Amino acid sequence: MIIALDGPAASGKGTLARRLAAHFGLPHLDTGLLYRATARTLMDDDARLDDVAKAVSAARGLALTDFDEDRLRGREMGEAASVVAAIPEVRAALIDMQRAFARRPQGAVLDGRDIGTVIAPDATVKIFVTASAEARAQRRALELRGRGEIVDYHAILDDIRKRDARDRERSEAPLKPALDAEILDTTDMNVEAALVAALAIVEAALTRQDHAAKSPRAC
Ligand code: DC
């Protein structure tokens, strides 16, 4: 089973992906980390974020296991990741790694922006997790405060709106729900309620798959 979760920044898709992976005993890949790690390499090398050759080389040099999550999850890295993620060559350099992860024999959970549309269009279930920009900014502010960062809610809201626009308007693999994705709006949900809703979506997809496998094929 492949579970694809997409959605804008701080929509809760990462938490849901981790919880679903634990529930079903599946490996999980947070694909945002790939773009964050690519941006971090460029910044560590004092390279520009729009240096295509260096960005592609940084993306190609990534291994799925070498993420320093603490540093990658900071506020400036999300913004930088969104900039390098708009470079088509960077996206192309990261596709095979993500598709190989999705095709693991035991199945997988992946979260990002283009999992249901580009990385795993044949996923068993696709969930597009969303929430209002205000709710997402509140959650991100809480998360960053919890990590000891000094945060300004309005600056975070501004970041989120800018990032949404960049992720939605880029030419390659823009953020959008796949046609067959279920939309899960978590604006008024806590994590537990969102998990219950996501589990119901997955269970319904598994039931549909089961019925399709048992019903006689039309010629
Ligand atoms: O999910 P995140 O906030 O960690 O992602 C950081 C940025 O990376 C996001 O603004 C856009 C980009 N990204 C992407 O373009 N495609 C993905 N599958 C995952 C992330």
Residues that are of a type outside the set (Phe, Trp, Tyr), at pLDDT 95 or above and under 19 Å from THR15 (Cβ atoms): list the helices (runs of 4 or more DSSP H) wholly contained in the range 120-219 that include at least 3 such residues. 133-146, 191-214
What is the one condition in (1) crowded, with 20+ Cβ neighbours inside 10 Å; (2) touching a strand residue (DSSP E or B) at 6+ places or on another chain (Cβ under 9 Å); (3) not polar (S, T, N, Q) that PRO121 does not satisfy? (1)
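For every residue, the table says whether it meets (1) surrounded by 18 or more Cβ atoms within 10 Å (Cβ to Cβ); (2) farther than 27 Å from ILE201 by Cβ.
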| site | (1), (2) |
| --- | --- |
| GLY25 | no, no |
| LEU29 | yes, no |
| GLY32 | yes, no |
| ALA39 | yes, yes |
| ARG48 | no, yes |
| ALA55 | yes, yes |
| LEU64 | no, no |
| ARG75 | no, yes |
If we scan the range 61-68, do we find a residue that is at negative phi and part of a helix (DSSP H, G or I)? no
Name the pairs: first residue in the range 156-178 and closer than 14 Å to ALA86 by Cβ, second residue hydrophobic (A, V, I, L, M, F, W, C) and assigned to a helix (DSSP H, G or I), Cβ to Cβ under 6 Å, at least 6 apart or on different chains? ALA173/VAL118
Checking the condition more than 13 Å from the ligand (Cβ to nearest atom) and either in contact (Cβ under 8 Å) with a residue 12 or more places away in the chain or assigned to a helix (DSSP H, G or I) (or both), which residue from VAL83, VAL56 passes? VAL56
Within the range 88-119, residues being touching an Asp or Glu at 6+ places or on another chain (Cβ under 7 Å) and either more than 10 Å from the ligand (Cβ to nearest atom) or assigned to a helix (DSSP H, G or I) (or both) number 4
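The values are calculated or read from the model by the stated rules, or taken from the named source; none is laboratory data. If you're wondering where the values come from, they're calculated on a predicted model, not measured in any experiment. Reconstructed Cβ throughout: ideal geometry from the backbone, glycine too, with neighbour counts over all protein chains shown.
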